[in-house]
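Since the structure comes first, as structure tokens, the remarks are kept for the end.
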Amino acid sequence: MSKDDFDFLNSDIWLNYTQQSYRSPEEIRYRLQEKNKKPKDWESVARKIVAIRKTNAITLFIDSIAPRFWFYPADSILRKINEIDRIGTALYERIRRATFEQEFLLNSRIEEAITSAIYEGAHSTRAQAKQLIASKETPKNKDEWMLINNLLAMNWVKDHNQETLSKDTILTLHEIVTRNTLEGDDVNYSGRFRDDTVSVGPHEGIQYDLIETAINQMIKLITQNRRYIHPIIRGVLIHYFIAYIHPFFDGNGRTARALFYFKSMKHNLKYVELLSVSAYLKQHGEQYEKAFQKVVENEYDVTYFIDFCLDSMLSALKQVEKKITYLIRMADLKQRFKLNDNQLGLLQRMALNKFRFVHIEEYAAQIKMSRETARQDLKELQDQGLLIEFKSGKKLCYKVNAEKLRELYKDPGV
């Protein structure tokens, strides 16, 4: 490295736009121009930025794919990973000590299943989807199957995330997320790689006869890389490469996001189970698509996609914190309404899904008490307006009075 290049590493342009934040040369040019600080030899400076980044990059070469991918471990990237680890671990510990731990984790999987399906075009609202899941009814159409399949995939990931990542893992998750959703010529391709070309906007995916080889090489790249790559980034890279390879006719996005959870949780990042990254994608869909484009436009620098995904995780953690704070604040119901611990725990669990209901026998089993004790608990909650009683068939059932809770607390939309 020349003295000029070495000195450049201490310049405002490098520190502000590569280390403190990670910007493309085009974005840097625009920002400098706005401040009237654009260098006269800008083209030379832009080339220098990319060259130095590449010199210090972690390479991500997949032999069967022509582009040579890479990413640069900028300070801003490392800082975000550290923040995600710190906040995520602390939040998971708060959940682990709470009476609503299992319900919260289930609700997180439900939230990811719903938002992933809606992002991919399922015609539903969060309320309708939560009602469908709570009802446990058989899905009636493709949209409902997408929702249920996504939840089944998240449950599969929870149960199997210690298995070795393999081609079969990818095919299994694809089979789960696409079950009863494929149509026309694609109907027999659930859990199977495509055997023809496919168009994805300007990108066609790789040649179909290279898919299996590329998938196996990708797995080796991510699981056996000799460079240190943080587990979060490994999960993000699987997400990216599945989208780029596009191994299936349909369901690539849902499979890619499920694999992100699989890989992250395999490395014992338990807090990832709390997150719904698809909720952020749903709100920032254009930026998500742009993150893919920026990789291709900037010499296959995957850092832009990694940066976007880290932002989505930080946003998801903020939502988790709001939910936990809301549920913990509900603890004062115990004193205000003279509740016992079982009653408070039930309200906290049911507040996560206002469509969830419980019958007397189910609640008795949960608290390991007699049916009569359970009935009295539920009746007291109903009398105080905290539960609503209704009949389902011949059984008396109870659901949370969401309006009452909204009056008492600012509901964060759990």
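The values are calculated or read from the model by the stated rules, or taken from the named source; none is laboratory data. Treat the numbers as computed from the prediction; the structure is a model and nothing was measured. No Cβ is skipped: glycine too gets one built from the backbone with ideal geometry, and neighbour counts run over all protein chains shown.
Values as computed for the structure displayed
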| quantity | calculated |
| --- | --- |
| Test: residue 47 is surrounded by 13 or more Cβ atoms within 10 Å (Cβ to Cβ), in contact with a helix residue (DSSP H, G or I) (Cβ under 9 Å, 6 or more places away or on another chain) and of a type in the set (D, E, K, R) | no |
| Hey, residue 15 in a helix (DSSP H, G or I) and in contact with a His (Cβ under 9 Å, 6 or more places away or on another chain) or not | no |
| Filter pass, residue 369 being surrounded by 16 or more Cβ atoms within 10 Å (Cβ to Cβ) and not assigned by TED's automatic domain parsing to the domain that holds residue 93 | no |
| Unmet requirement for residue 137, which otherwise passes all of (1) assigned to a helix (DSSP H, G or I); (2) modelled with pLDDT under 95; (3) more than 18 Å from residue 278 (Cβ to Cβ); (4) of a type outside the set (A, V, I, L, M, F, W, C) | (1) |
| Qualifying residue in region 109-125 (condition: touching a strand residue (DSSP E or B) at 6+ places or on another chain (Cβ under 7 Å) and outside any helix (DSSP H, G or I)) | no |
| Residue match in region 352-361 (condition: assigned to a helix (DSSP H, G or I), under 21 Å from residue 137 (Cα atoms), at pLDDT below 95 and outside the structural domain of residue 276 (by TED's automatic domain parsing)) | yes |
| Verdict on residue 214 being at pLDDT 95 or above, touching a Ser or Thr at 6+ places or on another chain (Cβ under 7 Å) and aliphatic (A, V, I, L, M) | yes |
| Selection status of residue 186, of a type in the set (Asp, Glu) and surrounded by 13 or more Cβ atoms within 10 Å (Cβ to Cβ) | yes |
| Residue 158 being among the basic types (Lys, Arg) and either within 30 Å of residue 66 (Cα to Cα) or buried (at least 19 other Cβ atoms within 10 Å of the Cβ) (or both) | no |
| Residue within region 95-110 that is surrounded by 15 or more Cβ atoms within 10 Å (Cβ to Cβ) and more than 18 Å from residue 350 (Cβ to Cβ) present | no |
| Filter result for the condition that a residue is hydrophobic (A, V, I, L, M, F, W, C), in contact (Cβ under 8 Å) with a residue 24 or more places away in the chain and under 22 Å from residue 117 (Cβ atoms), over 236, 187 | 236 |
| Elements of type helices (runs of 4 or more DSSP H) in region 219-332, at least 2 residues being acidic (Asp, Glu) | 285-297, 303-329 |
| Some residue of region 178-197 being out of contact with any His (no Cβ under 9 Å at 6 or more places or on another chain), part of a loop (DSSP other than H, G, I, E, B), under 17 Å from residue 257 (Cβ atoms) and among the polar types (S, T, N, Q) | yes |
| Region 1-30 residues that are under 15 Å from residue 75 (Cβ atoms), paired with ones that are β-branched (Val, Ile, Thr) (beta carbon under 6 Å, 6 or more apart) | 17/28; 22/303 |
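Residue-by-condition table, conditions (1) among the acidic types (Asp, Glu); (2) outside the structural domain of residue 122 (by TED's automatic domain parsing); (3) at positive phi:
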| site | (1), (2), (3) |
| --- | --- |
| 177 | no, no, no |
| 191 | no, no, yes |
| 195 | yes, no, no |
| 211 | no, no, no |
| 216 | no, no, no |
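Quick grid of which residues meet (1) in contact (Cβ under 8 Å) with a residue 12 or more places away in the chain; (2) over 21 Å from residue 106 (Cβ atoms); (3) in contact with a helix residue (DSSP H, G or I) (Cβ under 8 Å, 6 or more places away or on another chain):
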position: 247; (1), (2), (3): yes, yes, yes
position: 259; (1), (2), (3): yes, no, yes
position: 264; (1), (2), (3): yes, no, yes
position: 285; (1), (2), (3): yes, yes, yes
position: 292; (1), (2), (3): yes, yes, yes
position: 298; (1), (2), (3): yes, yes, yes
position: 309; (1), (2), (3): yes, yes, yes
position: 318; (1), (2), (3): no, no, no
position: 323; (1), (2), (3): yes, no, yes
